[in-house]
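Taking it in order: structure first as structure tokens, then the write-up.
The values are calculated or read from the model by the stated rules, or taken from the named source; none is laboratory data. As the structure is a prediction and not an experimental result, all values here were calculated from the model. Cβ atoms come from the backbone with ideal geometry, glycine included; neighbour counts cover every protein chain shown. Side chains are part of the model used for accessible areas, which takes the heavy atoms of the whole protein and leaves out ligands, DNA and RNA. Shrake-Rupley method; radii C 1.70, N 1.55, O 1.52, S 1.80 Å.
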Amino acid sequence: MTRIRARGEDIRHFILAHVEEHPSDISKLTAEHFDITRQAVNKHLHRLISERALNESGQTRNRIYRIVPQIEWDRVYDTATGLEEDVVWRNDIVPVLTPMPGNISDIWHYGFTEMFNNAINHSGGSEIYVKLQKTAGYTKMSISDNGIGIFKKIQTELKLLDERHAIFELHKGKLTTDPKHHTGEGIFFTSRMFDEFDILSGGVYFGHIFGDSHDWIAERDRFKHGTSVWMKIDNHTSRTVAKVFDQFSSADDFGFNKTVVPVKLAQYGNEKLISRSQAKRLLARIELFKTVIFDFTDIESIGQAFADEIFRVFANQHQDIQLLVNDANLAVGRTIERAKSGISIEK
């Protein structure tokens, strides 16, 4: 009986996790995934409807299923009132989220307080708007301010090329404009804890999906002041804060000492990665870590000077740092190996 009940919960969880993307064919998708009949799936759909987790519309083949928000909550905060993120969390957010498994509550505690604190201390704005929605399947939250914009502030204070360059540095971790009071870990780890994490600020949109090695950046012509952060997580995930931290720590060191650098984020448009200047931008602040993994996914080729700057020059100057390569194709791998051996380096 216990196994049957657990399987039923797995089926309903699958429906709730996928119905938004498959509102008209969720029955077919679920039947194929669990190798059960459509009639069996319909029993679970009817149960979710009776529990008000889903609603349905349309007839027979045109039937559409939608997830039903159980809680929708929002509030505007005045930054001039002496806001403290832990007080807002305890007094306003916890009562809305409860009940919730402890591991997920811990993730929300970390993510909310880090992002809300950023808005208080760094945005320079006058208001912070928080919006939360909870369904039977997931919870999502947005935190928006009307300040200068996080990417623009980082670009300006650290004298970076542009907002895109600011995102690239944020991805590495340990980036802060206030090193006396912040470690620069908040945004990095928050983006790794949630199923979906997005930031829209100025003219740039940054997104990360859990389990995907690729972050992505979209740019737009219209500039907008302020910063908006979106976070979303499955209400049934087994993920924990500790597991996420452990991914970026060595076995013998509990500090934040490992980072993954997606090389593709260093590209602008269709440009090729060939120069030492490009490599030096990629290497900025890498010396803060003990292990660096360069992810070459979707990189077709690199120039010899680019590879030489990273895998010979920098490697020789920082022999205490472990430089690893992930997902390099044959051409990229050969260029890296030539650089390591010091062969065919331009005069």
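Quickly run through region 325-342 and pick out the residues that are assigned to a strand (DSSP E or B) and at pLDDT below 90.
Asn326
Every residue in region 144-176 that is part of a loop (DSSP other than H, G, I, E, B), basic (Lys, Arg) and modelled with pLDDT under 70, please.
Lys174
For region 109-136, which residues satisfy the criterion of being open to solvent by 30 Å² or more (accessible area, probe 1.4 Å), out of contact with any helix residue (DSSP H, G or I) (no Cβ under 7 Å at 6 or more places or on another chain) and within 18 Å of Glu196 (Cβ to Cβ)?
Listed by number, the residues that qualify are Lys131, Gln133.
Cβ-Cβ below 6 Å, separation at least six or inter-chain, first residue in region 175-196 and under 20 Å from Leu282 (Cα atoms), second at pLDDT 70 or above and open to solvent by 40 Å² or more (accessible area, probe 1.4 Å): which pairs?
Thr177/Glu157
Cβ-Cβ below 8 Å, separation at least six or inter-chain, first residue in region 21-47 and charged (D, E, K, R), second buried (at least 16 other Cβ atoms within 10 Å of the Cβ): which pairs?
Here the result reads Arg38/Ser27; Arg38/Ala31; Arg47/Arg12, each pair linking region 21-47 to a residue that is buried (at least 16 other Cβ atoms within 10 Å of the Cβ).
Here's a check for you: in region 255-309, which residue that is under 21 Å from the mean Cα position of the chain (by Cα) and of a type in the set (Lys, Arg) is most open to solvent (accessible area, probe 1.4 Å)?
Lys264
Quick one: how many residues across region 270-279 are of a type in the set (Gly, Ala, Ser) and within 16 Å of Ser301 (Cβ to Cβ)? Break it down stepwise before answering.
Narrowing region 270-279 to residues of a type in the set (Gly, Ala, Ser): 275, 277, 279.
Add one more test, that the residue is within 16 Å of Ser301 (Cβ to Cβ), and what stays is 275, 279.
So the count comes out to 2.
Restricting attention to region 242-250, does a residue exist that is of a type outside the set (Lys, Arg), closer than 30 Å to Leu16 by Cα, modelled with pLDDT of 85 or more and surrounded by 15 or more Cβ atoms within 10 Å (Cβ to Cβ)?
Yes, there is a match, as at least one residue in region 242-250 is of a type outside the set (Lys, Arg), closer than 30 Å to Leu16 by Cα, modelled with pLDDT of 85 or more and surrounded by 15 or more Cβ atoms within 10 Å (Cβ to Cβ).
Looking at (1) over 26 Å from Asp162 (Cβ atoms); (2) outside any loop (DSSP other than H, G, I, E, B); (3) modelled with pLDDT under 90, find the lone condition where Ile345 falls short.
(2)
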